[in-house]
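One structure is given here, and the rest of the page talks about it.
The values are calculated or read from the model by the stated rules, or taken from the named source; none is laboratory data. These figures come from a predicted structure and were not determined experimentally. For neighbour counting, all protein chains shown are included, and Cβ atoms are generated from backbone atoms with ideal geometry for every residue, glycine included.
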């Protein structure tokens, strides 16, 4: 039996009140880990709200955005000459 299986087996034997306390503790732990990740800047570097693989409309949308920025004289954080 693996360590995870032993933990799962132990959790299955808990009372509903014990499970509620365990859930509360897990929520607190997740909040702490999230806060720690923000402090380290890990979320900015690794988490994105969009899929890492472009959708079929992503490339045309990016091209349209780039063209609009080019027309306004701005691309990639720098002004460009028109």
Report task. Go through the residues of segment 21-28 one by one and say whether even a single one is at pLDDT 70 or above, surrounded by 10 or more Cβ atoms within 10 Å (Cβ to Cβ) and touching a helix residue (DSSP H, G or I) at 6+ places or on another chain (Cβ under 9 Å). Result -> yes
Listed by first then second residue, the pairs whose first member lies in segment 16-33 and is without any contact (Cβ under 8 Å) to a residue 24 or more places away in the chain, whose partner is part of a helix (DSSP H, G or I) and surrounded by 10 or more Cβ atoms within 10 Å (Cβ to Cβ), with beta carbons under 8 Å and at least 6 positions apart or on separate chains, are 19/11; 22/11
Picked from segment 41-59 (must be part of a helix (DSSP H, G or I) and surrounded by 10 or more Cβ atoms within 10 Å (Cβ to Cβ)), the residue modelled with the highest pLDDT is 59
